[in-house]
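Here's the structure, in structure tokens; my notes come after.
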Amino acid sequence: MKKLMSMAFAVLITSVSAHAYNQNSAKNACINKVTQYGSGQYHGATNVHVSDKGHHSYNVTGNVRSSRDNQSHHFTCNIRHKEVVNWKVNSSQSHNNNTAAAIGVGVLALAIAAAVHNKHKKKKKHQKNNQQHISHYQQKSHQNDRYNNYDSGGNPFSDMKYLKRQCRQNIRHHLNRDHGNVRRIKFDSTHLHQRKLTGTGYVEFERGGDRDLNYHCEFDRRGNIYDGYYRYRHRR
């Protein structure tokens with residue numbers, strides 16, 4: 001009986017290990033996102049490198065070929081705690097491309113919390129600027145909440161201007177951090193269904209290039225964003 005139990009335990013451990021999230025899992029997850037499981041514009045990933053950041057978090061880079069120009073383009077992809085949180089494909093093969101990425105996707109979360117977490121990982125020469133940015137963002141967010149009084153019982157979903165501002169600020173924060181500094185974000189269409197704000201627009205990057213934008217912001221009952229995503233690509 002003990003021998004059978006030992007064998008069963010060994011099989012269980014082997015099975016769990018076989019399904020453990022590792023560098024190969026991260027590589028496949030990013031390639032699937034960038035190529036849209038083989039149905040998108042990009043295909044044929046090559047020169048893929050995976051950097052393990054710990055806690056099931058990885059940075060994945062490589063090249064993919066575009067069906068539009070038949071050229072190779074550099075991509076970067078970030079995974080945090082087994083989830084792909086953002087990825088982008090450059091307009092050229094070089095990872096030092098001076099213009100905005102051809103396409104980029106990311107998930108939204110609490111921007112202030114993300115900024116505080118990110119601050120501790122920045123180099124010393126950037127710490128002062130980051131602290132000023134976070135302090136300004138927190139102060140502005142606090143003023144907005146205090147002005148609208150939504151934390152004390154007001155209804156944020158009757159104020160479309162407030163919802164659009166919160167969504168736009170959150171997207172700007174994530175784009176600035178992960179894709180490059182933003183000059184302007186403009187919403188062309190906005191639709192509110194229950195507590196989900198969706199729509200289209202465009203984003204202009206400071207280093208050059210404007211991109212079509214799709215967004216999806218999910219709010220809690222107090223009008224704070226807790227989930228969502230954004231996607232930008234070359235303007236049509």
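Side notes on the structure shown:
- Subset of the range 76-89 (residues that are touching a strand residue (DSSP E or B) at 6+ places or on another chain (Cβ under 7 Å) and closer than 21 Å to GLY54 by Cα): THR76, CYS77, ASN78, ILE79, ARG80, HIS81, VAL84, VAL85, ASN86, TRP87
- Of the residues making up the range 38-81, those that are assigned to a strand (DSSP E or B) and not aliphatic (A, V, I, L, M) number 26.
A quick yes/no check of all residues on (1) under 23 Å from VAL34 (Cβ atoms); (2) modelled with pLDDT of 60 or more; (3) in a helix (DSSP H, G or I):
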position	(1), (2), (3)
ILE134	no, no, yes
LEU163	no, yes, yes
LEU175	yes, yes, yes
ARG231	yes, yes, no
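- Pairs linking a residue in the range 161-182 that is without any contact (Cβ under 8 Å) to a residue 40 or more places away in the chain and aliphatic (A, V, I, L, M) to a residue that is surrounded by fewer than 19 Cβ atoms within 10 Å (Cβ to Cβ) and assigned to a loop (DSSP other than H, G, I, E, B), with Cβ atoms under 9 Å and 6 or more positions apart or on different chains, are VAL182/GLU206.
- Exclusive hit being surrounded by fewer than 16 Cβ atoms within 10 Å (Cβ to Cβ), of a type outside the set (Asp, Glu) and either assigned by TED's automatic domain parsing to the domain that holds GLY180 or at pLDDT 95 or above (or both), set ASN86, ASN28, ASN78: ASN28
- Top-ranked residue in the range 38-92 [being free of Cβ contacts under 8 Å to residues at least 60 places away in the same chain and of a type in the set (Lys, Arg); ranked as nearest to GLN23 (Cα to Cα)]: LYS53
Condition check ((1) surrounded by fewer than 17 Cβ atoms within 10 Å (Cβ to Cβ); (2) of a type in the set (Asp, Glu); (3) at positive phi) across all residues:
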{"position": "ARG165", "(1), (2), (3)": "yes, no, no"}
{"position": "ASN176", "(1), (2), (3)": "yes, no, no"}
{"position": "HIS179", "(1), (2), (3)": "no, no, no"}
{"position": "THR190", "(1), (2), (3)": "yes, no, no"}
{"position": "ARG195", "(1), (2), (3)": "yes, no, no"}
{"position": "THR200", "(1), (2), (3)": "yes, no, no"}
{"position": "PHE205", "(1), (2), (3)": "no, no, no"}
{"position": "GLY209", "(1), (2), (3)": "no, no, yes"}
{"position": "ASP212", "(1), (2), (3)": "yes, yes, no"}
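- Close contacts from the range 212-223, counting a first residue that is outside any strand (DSSP E or B) and a second that is crowded, with 16+ Cβ neighbours inside 10 Å, with Cβ to Cβ under 6 Å and a gap of 6+ residues or different chains, come to ARG222/TYR150; GLY223/TYR150; GLY223/PRO156.
The values are calculated or read from the model by the stated rules, or taken from the named source; none is laboratory data. Keep in mind it's a predicted model, so treat the numbers as computed, not measured. Positions of Cβ are backbone-derived with ideal geometry, glycine not excepted, and every protein chain shown enters the neighbour counts.
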